[in-house]
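Chemist: Mind having a look at this structure? Questions to follow.
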Amino acid sequence: MVFRLLKARWRHGSQAVPDPIAAQVDPMFRGFPDIAKEGTLSSETVALCPGAALSVNPVAIDLGKCHLCGACSRAANSPIRLSSRHHLGQTKRDALIVTAGTSFEQYHARAEKGRAEIRRLFGRSLRLRSVSAAGCSACEMELNATTNANFDMLRYGIDIVASPRHADAVIVTGPVSANMADALEDTWSATPSPKLLILMGACAISGGLFAASPALDRRFLSDHTPDIYIPGCPPHPLTVVNAILNYLGRGI
Amino acid sequence: MILTLFLIGIAILFIGSALQAALPRSVRIPLFTVAAIIGLLFTGFASVQALLNVPTAITFGCPFPLGSVTLELDPLSAFFALTISLGGIAGSLYGAGYLSGYPERSLRGHLFALALFLISMLLVVTVRAVLPFLFVWELMSLSSLVLVFFDRQREEVRDATVNYFIAMHVAFALILTGFLLLMTRSGSGDFASFAAAMQDPAFAETALLILFAGFAIKAGFIPFHSWLPKAHPAAPSHVSGLMSGVMIKTGIYGILRFTLIVGVPTTRLAVIVLMVAVVSAVVGVLYAIAQHDLKRLLAYSSIENIGIIGIGIGLSMIGMRIGNGPLILLGMTGALIHLINHSLFKGLLFYGAGALYRATHTRDIEKLGGLIGKMPATALLFIVGSVAIAGLPPLNGFISEFVLYLSMLYGAPLAAGGYGALVVLTAGALALTGILALYCFTKACGIVFLGSPRSDATDTARDPDRAMIAGMALLAVAAVAIGLYPAPLFSVAASVAALYPFPGDAAAQAAPVVTTLGSVSRALLFFVLFFAFLYYIRHRLLAKSGGIATAATWGCGYRHGTARMQYTGSSYASPLMALAGQLLGLSVHREAPQGLFPARTAFHSHPHDLVDSYLIAPGAKFIRYLFSLFRWVQSGDMAQYILYGILFLAAALVWIMGGTA
């Protein structure tokens, strides 16, 4: 029994991503959108976007709404090409809007670091309380994956805990339905200060596909300022890990 | 001289209580309280003098049938008289406050009975002959019966009083039997003459076993305890505190007095005492954990503590049997220290329960909660009592259990074979009892004082008046003092223990323990100071960071939590009850939720006392059956009674005629 288990472990070998900060994802991954400088968007292309993330003048794509589905990049004569760059985390809502000609390096440089007190307190140990505010489980599964053997964000001292009383940050997934609004507010008030608010996924950042739904109650997000935005639908575990590490001053 | 002081104290108590009956209602409580405190200060002072100096005796003539009565304050008597005086002072002070809650009652008889109760207890431990002893023993039982009967409108109180009455008279009958048996050999009612009568070990064992059973009923050892968890909750709290803190100790006194007279007990007697004590300690605390009624919980906890005292006595008896110094000296000393400790913290806890009852009119802990905010003084004192009774440092309960552990640690290696194993097993049982007591009192304190109120019973709760707080504070201060500075009490208790047959020099054996206790006392003081330092640091850090933020209790995002969803006493006890519920006769009534949208669900658990269900109830049923066989004699039919008369006359005629012929 034990030997079979040990044998299986031996065969699995080491599955950990050796360096999640420097790691590159598969080239097939749809990540940061490169927009050609002189391109224009046709109304047909704009209509293709499920999340209404595209704007025509100026040509821009809002990663807070984008699902990275790639429909716009496959449209005829589209200036948009999705690269495989996955370091997408931001600290300001406006910074998520990628305009024509913005390079990945420019985009990445816009992401701010947390203030010194935050970096000192949480730089080596950060505990997250996850609230699935009507999420579809995709973000939740990816968030789960950040703690598995591959991505293993525990190596940086970041972990997910069971109670907001033990947490330093609340990480929200899903578009925040009216039924979850109170629970989210309670979780936030139960978390001791200083604390971070992290939004994970297009739904949490902007409401995503459900932005117009009457079942949402996003007042919590207008009352509190998020510290970290992690775009994607769902975000890659490495995107999550790097967004947090970058904020803590430990990223690339 | 010392005994004169003692008698003056008793006289002050008696005169004060007699005087209050003649005076108007408004001065009765103050007069009684002042008389009781002054009187008990006299008796307490006399007891301390007798403990420190030479024991004394006084004899004076009494009307028939008592003849001449001898009162004697030897160290053993003085130790108990001191316990009674201390407990009595706190009880009178607290009682003054507690009784002020009954302005409609005349209290004339109650206060008089209270004084008689205290006086009779003081006399029980000082008289030295069968007749006076039985007289004051019965006076003690009857006066406490009147005290228990205070709330006579409640059916529960009437039932408990009858139960108590019967139990005390079974005890009386057993003690009387034991005495008569001894008197057949000694030919005298003097306790001193019993020593010669008990030279025959088999005879002494029989007599002592009968006496032990009688005294065990008073002390509340399992399985003789049936009256105790009924009478304690039924009595008003100042009486419960006195009964549990002081009165049941007279049962222990009886056991100790006759052990002293017999000298070395037989092995069988020693093992029986130890076994009964171990069972009382472990089973008593298990029952205590199962209770929802705070005063019943405390009553079962008294059984547990009587068990701990009994463990000390049993170890000491075994020690005498095998000539094991540490077991005799430290076992007996531990028992005596625990005895006085228990009278302090159990009084305190019962008075706390009384304050809670006064404030909320319920004893059901499942209806309380969150009272630390509304009754801070009561909460603090109750928690001090709980820490003490759970045997935690730095309070007095730790000291007595520490001495008992020392006796076993030093004694076990010197005890041969089976005795050594017995001592080691006893140590295990004592450790189990200690941890379960902690369980029991975290339950009581946690449910009553923490959390949110579980019913509207706590709405108007507030701390009781000053007299009640003073009575409790007196006991708490004594408990802390003994906890931090145990050496003097140890020396006094060791001098009492030295009365028992001891191989070698008792004082020399006691000396290293005094040194140990000195270092324990320093360690505890350091512990207290260190804790105060940590508290100060915390205070400073919090002040620097801008204080404590408060937020609602985390309910996992659920907004409609009610006080009923809190952890209850039953849920806290549940893991243990799952293991021991069968043993304790715990009956569980469960209504599982039904269907997709369940409307109601219920859970109720009720602990039954197995001794009640399987011993007392069938016994009572059998006696009722036995007497029902003769019920036809009293039919209520006048013709039948006339027939009895005629038959009697005819029989008398025949007898007289026969006599003359």
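The values are calculated or read from the model by the stated rules, or taken from the named source; none is laboratory data. If you're wondering where the values come from, they're calculated on a predicted model, not measured in any experiment. Quick reminder, even Gly has a Cβ in these numbers, built from the backbone with ideal geometry, and neighbours come from all protein chains shown.
Chemist: Identify the residue in region B:524-555 that is within 14 Å of another protein chain (Cβ to nearest Cβ) and touching a helix residue (DSSP H, G or I) at 6+ places or on another chain (Cβ under 8 Å) and, among all such residues, is farthest from A:Ala162 (Cα to Cα).
Modeler: B:Ile548
Chemist: Same structure, new question: So, in region A:188-210, of the ones that are under 21 Å from A:Tyr247 (Cα atoms) and among the hydroxyl-bearing types (Ser, Thr, Tyr), which residue ends up farthest from the other protein chains (Cβ to nearest Cβ)?
Modeler: A:Ser206
Chemist: Checking B:Gly451 against (1) surrounded by fewer than 22 Cβ atoms within 10 Å (Cβ to Cβ); (2) touching a helix residue (DSSP H, G or I) at 6+ places or on another chain (Cβ under 6 Å), which test does it fail?
Modeler: Of (1) surrounded by fewer than 22 Cβ atoms within 10 Å (Cβ to Cβ); (2) touching a helix residue (DSSP H, G or I) at 6+ places or on another chain (Cβ under 6 Å), only one is false for B:Gly451: (2).
Chemist: I've got another one for you. Could you pull out the residue among B:Ser495, B:Ser521 that is among the small types (Gly, Ala, Ser), more than 14 Å from chain A (Cβ to nearest Cβ) and free of Cβ contacts under 8 Å to residues at least 40 places away in the same chain? Quick ask: steps written out before the conclusion?
Modeler: Values: B:Ser495 fails: free of Cβ contacts under 8 Å to residues at least 40 places away in the same chain.
Testing whether each residue is among the small types (Gly, Ala, Ser), more than 14 Å from chain A (Cβ to nearest Cβ) and free of Cβ contacts under 8 Å to residues at least 40 places away in the same chain leaves just B:Ser521.
Chemist: Kindly provide the set of residues from region B:460-477 that are outside any helix (DSSP H, G or I) and buried (at least 20 other Cβ atoms within 10 Å of the Cβ), ordered by number. First the steps, then the outcome.
Modeler: Going through region B:460-477, the residues outside any helix (DSSP H, G or I) turn out to be B:460-465.
If the condition is that a residue be outside any helix (DSSP H, G or I) and buried (at least 20 other Cβ atoms within 10 Å of the Cβ), then B:Ala461, B:Pro464 are the ones that fit.
Chemist: Out of (1) within 14 Å of chain B (Cβ to nearest Cβ); (2) surrounded by 21 or more Cβ atoms within 10 Å (Cβ to Cβ); (3) farther than 14 Å from A:Ala167 by Cβ, what's the single condition that is false for A:Ile228?
Modeler: All conditions are met except number (1).
Chemist: Can you tell me which condition B:Ala563 does not meet? The list is (1) exposed (fewer than 10 other Cβ atoms within 10 Å of the Cβ); (2) more than 14 Å from every other protein chain (Cβ to nearest Cβ), and all the others hold.
Modeler: (1)
Chemist: Considering region B:610-661 alone, what residues qualify as being more than 30 Å from B:Lys230 (Cα to Cα) and of a type in the set (Val, Ile, Thr)?
Modeler: If the condition is that a residue be more than 30 Å from B:Lys230 (Cα to Cα) and of a type in the set (Val, Ile, Thr), then B:Val633, B:Ile642, B:Ile646, B:Val654, B:Ile656, B:Thr660 are the ones that fit.
Chemist: Inspect all residues belonging to region B:146-161 and state whether any of them is under 19 Å from B:Ala216 (Cβ atoms) and in a helix (DSSP H, G or I).
Modeler: Among the residues of region B:146-161, not one is under 19 Å from B:Ala216 (Cβ atoms) and in a helix (DSSP H, G or I), which makes the answer no.
Chemist: Right, something else. Looking only at region B:107-124, decide whether some residue is modelled with pLDDT under 95 and on the phi > 0 side of the Ramachandran plot.
Modeler: Looking through region B:107-124, at least one residue is modelled with pLDDT under 95 and on the phi > 0 side of the Ramachandran plot.
Each row is one residue, and each column tells you yes or no for (1) out of contact with any Phe, Trp or Tyr (no Cβ under 7 Å at 6 or more places or on another chain); (2) in a helix (DSSP H, G or I); (3) closer than 30 Å to B:Leu414 by Cβ.
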| residue | (1), (2), (3) |
| --- | --- |
| B:Gly310 | no, yes, yes |
| B:Gly334 | yes, yes, yes |
| B:Leu344 | yes, yes, no |
| B:Leu348 | yes, yes, no |
| B:Tyr351 | no, yes, no |
| B:Ala355 | yes, yes, no |
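Chemist: Follow-up question, since we're still on this one. Select the helices (runs of 4 or more DSSP H) contained entirely in region A:106-220, then report the ones holding at least 2 residues which are touching a Cys at 6+ places or on another chain (Cβ under 9 Å).
Modeler: Numbers: elements: A:116-122, A:138-145, A:178-190, A:202-206.
Correct list: A:138-145, A:178-190, A:202-206.
Chemist: What number of residues within region A:136-182 satisfy the criterion of being within 14 Å of another protein chain (Cβ to nearest Cβ), crowded, with 20+ Cβ neighbours inside 10 Å and touching a residue at least 40 places away in the same chain (Cβ under 8 Å)? Please lay out each step first, then the result.
Modeler: We begin by selecting, within region A:136-182, every residue within 14 Å of another protein chain (Cβ to nearest Cβ); these are A:161-167, A:170, A:172, A:174, A:176-182.
The next check asks that each one be crowded, with 20+ Cβ neighbours inside 10 Å; those that pass are A:164, A:167, A:170, A:172, A:174, A:176, A:180.
Filter once more, keeping what is touching a residue at least 40 places away in the same chain (Cβ under 8 Å): A:167, A:170, A:172, A:174, A:176, A:180.
Final tally of qualifying residues: 6.
Chemist: Continuing with this model, one more query. Report, by residue number, each residue of region A:52-89 that is small (Gly, Ala, Ser), in a loop (DSSP other than H, G, I, E, B) and closer than 25 Å to A:Glu112 by Cβ. Quick ask: steps written out before the conclusion?
Modeler: Step one: filter region A:52-89 for residues small (Gly, Ala, Ser), giving A:52-53, A:55, A:60, A:64, A:70-71, A:73, A:75-76, A:78, A:83-84, A:89.
Imposing the further condition that a residue be in a loop (DSSP other than H, G, I, E, B) reduces the set to A:52-53, A:64, A:70, A:75-76, A:78, A:83-84, A:89.
Passing the criteria: A:Ala53, A:Gly64, A:Ser83, A:Ser84, A:Gly89.
Chemist: A follow-up question, please. With the structure loaded, tell me whether B:Ala578 is exposed (fewer than 10 other Cβ atoms within 10 Å of the Cβ), in a helix (DSSP H, G or I) and more than 14 Å from every other protein chain (Cβ to nearest Cβ) or whether it fails that test.
Modeler: Numbers: exposed (fewer than 10 other Cβ atoms within 10 Å of the Cβ): no; in a helix (DSSP H, G or I): yes; more than 14 Å from every other protein chain (Cβ to nearest Cβ): yes.
No.
Chemist: Okay, moving on. On the basis of being assigned to a helix (DSSP H, G or I), among the hydroxyl-bearing types (Ser, Thr, Tyr) and either farther than 25 Å from B:His225 by Cα or within 14 Å of another protein chain (Cβ to nearest Cβ) (or both), does B:Thr515 make the cut? Break it down stepwise before answering.
Modeler: On the way: assigned to a helix (DSSP H, G or I): yes; among the hydroxyl-bearing types (Ser, Thr, Tyr): yes; either farther than 25 Å from B:His225 by Cα or within 14 Å of another protein chain (Cβ to nearest Cβ) (or both): yes.
The answer is yes for B:Thr515.
Chemist: I'm trying to understand the selection: among the residues of region A:56-68, which are touching a residue at least 24 places away in the same chain (Cβ under 8 Å) and more than 15 Å from the chain's Cα centre (by Cα)? Full working, then the answer.
Modeler: Residues of region A:56-68 that are touching a residue at least 24 places away in the same chain (Cβ under 8 Å), as a first pass: A:58-68.
Result: A:Pro58, A:Val59, A:Ala60, A:Ile61.
Chemist: Does region B:490-507 contain any residue that is farther than 22 Å from B:Ser343 by Cβ and assigned to a helix (DSSP H, G or I)?
Modeler: Within region B:490-507, one or more residues are farther than 22 Å from B:Ser343 by Cβ and assigned to a helix (DSSP H, G or I).
Chemist: Looking for something of a type in the set (A, V, I, L, M, F, W, C), closer than 30 Å to B:Asp293 by Cα and either crowded, with 16+ Cβ neighbours inside 10 Å or within 17 Å of the chain's Cα centre (by Cα) (or both) - is there at least one such residue anywhere in region B:121-129?
Modeler: So in region B:121-129, the residues of a type in the set (A, V, I, L, M, F, W, C) come out as B:121-125, B:127, B:129.
Checking the rest, the ones that are also closer than 30 Å to B:Asp293 by Cα come to B:121.
Applying the additional criterion that residues be either crowded, with 16+ Cβ neighbours inside 10 Å or within 17 Å of the chain's Cα centre (by Cα) (or both) yields B:121.
So far as region B:121-129 goes, yes, one or more of its residues are of a type in the set (A, V, I, L, M, F, W, C), closer than 30 Å to B:Asp293 by Cα and either crowded, with 16+ Cβ neighbours inside 10 Å or within 17 Å of the chain's Cα centre (by Cα) (or both).
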